[in-house]
Number of protein chains: 4
Amino acid sequence: MNEIRDYEHRVQYYETDQMGVVHHSNYIRWFEEARTYILEEAGFGYSKMEETGIICPVLEVEASYRTMTKYEDVVLIETNVTQYNGVKMVISYTIRDKESGEVRCTGSTKHCFLDRDGKIVRLRKDFPVIHEVLQGLADNGETEKIN
Amino acid sequence: MNEIRDYEHRVQYYETDQMGVVHHSNYIRWFEEARTYILEEAGFGYSKMEETGIICPVLEVEASYRTMTKYEDVVLIETNVTQYNGVKMVISYTIRDKESGEVRCTGSTKHCFLDRDGKIVRLRKDFPVIHEVLQGLADNGETEKIN
Amino acid sequence: MNEIRDYEHRVQYYETDQMGVVHHSNYIRWFEEARTYILEEAGFGYSKMEETGIICPVLEVEASYRTMTKYEDVVLIETNVTQYNGVKMVISYTIRDKESGEVRCTGSTKHCFLDRDGKIVRLRKDFPVIHEVLQGLADNGETEKIN
Amino acid sequence: MNEIRDYEHRVQYYETDQMGVVHHSNYIRWFEEARTYILEEAGFGYSKMEETGIICPVLEVEASYRTMTKYEDVVLIETNVTQYNGVKMVISYTIRDKESGEVRCTGSTKHCFLDRDGKIVRLRKDFPVIHEVLQGLADNGETEKIN
């Protein structure tokens, strides 16, 4: 698989708070922007998943804020599928300032896959095409065993 | 109909921006908070409408920002159904500081009613119960003819 | 002055609501994205203004929602400074679907310019460089007299 | 110290996403609502801190989403200062549905204290009054040693 470019986000004014920096909740949204971007680039974006009848909710999120991001900064978000076993998926993120390369925030999200009735979907068996895509993303990164 | 109390909102930190005041887009969300509150109090909240198969999208919004709102301020939002004709509805809002009574923002939203297929619904004929509720809210306020 | 390209925004998942479309409050944020973009392109972005000691608050906003925007849609926002007199400025926006060209939303925002103490700034006299930039943007579009 | 009531939040329409449930990023904002509430109730809210010249940024956040929250649900957020040593603080959160008591989300945030120049503040020595308040909150909950 070809390498996927880092996702780029320009900080908007409405993302700042009165501390004069980006409000910490927005990084969680940027994780989503980057995650949906790599899935889309890999050929299976969120809307395609939802058309297929699969939703991919967030089970867990964690973020570690290293340095602050300011209005008009441009950040690059590197995204890796670090764990995937056909039922669950962990994606990790590193947000860096585009200009300086300084790490702003690292984090991860854990996901499962549900059908329209909220039942857990086993992609390997039930949706092999999606499984291949996600397996490909996982193989591309440094994957670990899922717990 | 009994009078409906003003809707109360306490400003949250995440609603501020780097100007040190509430970001102007949040007032549009507060209009929604107040609007859904009075509809709920009147016996026909948004979720009840959506269960009935009706959605009530915003066609137009306007807001006039008078004075700035700060973190931890508590505002009171007065809401009036100023126009209603069974097909369209205009709601107006006045946001005041709870402590000083000073007007922070005034505005209005215009709505129609759609069914699940996106077709315009005539409440008077098709949903007389909802029509009565909204007509009641409109009679309660200072209504004008809709254009 | 050279023509400024339309501002492009890709709809994010977190911008949708349970109606399955973009929440109407986000268009107000997109107006800001587009507005700060053209000011930046013209050489006087918000952060440069704020460094100079000027803030440019929103006095009024209005939006008219024509058709709905969905997740993963890409919209183009055309921005025009339609009124400018050195003290106040009106900017108008047309949001179109990038693919179909269909108009999603039109609107406008009205602004003044304040110094750090909250006093009104007359750009023509006090900040002629910024005045030139904004006058240039206004001349470029179809301007009307301000009221 | 008297017991502090759980913080209550009513889910707003703009907090939902097209999955028909609350977008996961909003729980991070609710953590902030609950955290600022208990600090305020304890006599040292964020705005008082910022007046004193202290900011209390988020260093880390984690959230575990158990069950989904829907529009118009009311949630109760229980907040505990689980770790505090004068320099850092960990606050944990449990979000429950008000009606059923079912756990919706658990999580935590880690904080430090900075002065206006971004330097780390040692509250015990430099701001003993705030230190007492936070120590009191920590003693009230089940605290652990900070790492």
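Note on D:Cys105, B:Cys112: ascending count of other Cβ atoms within 10 Å places them as B:Cys112, D:Cys105, the fewest first.
Across the range C:66-76, coupling constants 3J(HN,Hα) worked out from phi with the 6.51/-1.76/1.60 Karplus curve, θ = phi - 60°, read 9, 9, 8, 9, 10, 3, 6, 4, 10, 10, 10 Hz, and Gly and Pro carry x. Cross-linked pairs D:Lys48/D:Lys125; A:Lys110/D:Lys110; B:Lys48/B:Lys98: Cα-Cα separations exceed 26 Å for B:Lys48/B:Lys98. Since only A:Thr16, A:Gln135, A:Leu76 are under comparison, the one whose Cα sits farthest along the positive direction of the charge dipole of the range A:6-145, derived from C-beta charges on Lys, Arg, Asp and Glu, is A:Gln135.
Altogether, the Stokes-Einstein calculation at 37 °C and 0.692 mPa s, with the Kirkwood radius of the range D:18-147 over Cα pairs as Rh, returns a diffusion coefficient of 213 µm²/s.
Our note on the geometry: Cα centres of the range C:78-135 and the range D:71-86, 42 Å apart. Couplings 3J(HN,Hα) of the range A:4-10, computed from phi: 9, 5, 4, 7, 10, 9, 9 Hz, in residue order, whole Hz [Karplus 6.51 cos²θ - 1.76 cosθ + 1.60, θ = phi - 60°; x for Gly and Pro].
Inter-chain Cβ neighbour count for D:7-14, averaged per residue, equals 5 (cutoff 10 Å, partner chain atoms only). Note on the protein assembly as shown: helix-only mean residue ellipticity at 222 nm, from DSSP H runs of 4+ residues weighted -39500 (n - 2.57) and normalised by residue number, equals -8500 deg cm²/dmol. Along the range B:54-63 the Karplus relation, 6.51 cos²θ - 1.76 cosθ + 1.60 evaluated at θ = phi - 60°, assigns HN-Hα couplings of 10, 10, 10, x, 8, 8, 8, 9, 9, 9 Hz to successive residues, with x for each Gly and Pro. Report note on the peptides A:20-31, C:77-88: ranked by the mean count of other C-beta atoms within 10 Å, highest first, their order is A:20-31, C:77-88. Computed from Cα atoms, the angle from the helix C:25-41 axis to the main principal axis of chain C rounds to 50 degrees. The long axis of helix A:128-140 is offset from the longest Cα principal axis of chain A by roughly 40 degrees.
The mean number of Cβ atoms from other chains found within 10 Å of a Cβ in peptide D:50-61 is 4, as a whole number.
Taking the Cα centre of the range B:7-140 as reference, the dipole from Cβ charges on Lys and Arg (+1) and Asp and Glu (-1) amounts to some 420 debye. Please give the average number of partner chain Cβ atoms lying within 10 Å of the Cβ of each residue in C:29-35, rounded to a whole number. Mean partner-chain Cβ count within 10 Å for C:29-35: 4.
For a footprinting-style exposure proxy, rank A:Asp139, C:Asp117 by other Cβ within 10 Å, fewest first.
Result, fewest neighbours first: C:Asp117, A:Asp139.
Here the protein assembly as shown is assigned +1 on the Cβ of each Lys and Arg and -1 on the Cβ of each Asp and Glu. Its dipole about the Cα centre then comes out at about 0 debye. Under 5 Å from the amide H of C:Gln18 lie the amide H atoms of D:Thr16, D:Asp17, each residue being 5 or more positions distant or on a separate chain, with H modelled from the backbone and absent for Pro and chain starts. Peptide packing for D:46-53, B:55-62 was compared via the average number of neighbouring C-beta atoms within 10 Å per residue; ordered from the highest value, the list is B:55-62, D:46-53. Here the simple spin-label model places points 7 Å from the Cα toward Cβ, and for D:Leu114 and C:Glu102 these points are separated by 4.5 nm.
The shape of the protein assembly as shown can be summarised by an equivalent ellipsoid whose semi-axes, obtained from the alpha carbon gyration tensor, come to 35, 31, 29 Å from longest to shortest.
Give, as a single signed number, the net charge of other residues whose beta carbon lies under 13 Å from the beta carbon of C:Glu99, with Lys and Arg counted +1 and Asp and Glu -1.
0
Quick one: go through the range A:36-62 and flag any residue whose amide nitrogen is under 17 Å from the point 7 Å out along the Cα-to-Cβ line of A:Val129. A:39-55, by backbone N distance to the label point.
FYI, it's all coordinate maths here, none of it is from the lab. If you're wondering where the values come from, they're calculated on a predicted model, not measured in any experiment. Methodologically, a virtual Cβ is constructed for each residue, glycine included, from the backbone with ideal geometry; neighbour enumeration extends over all protein chains shown.
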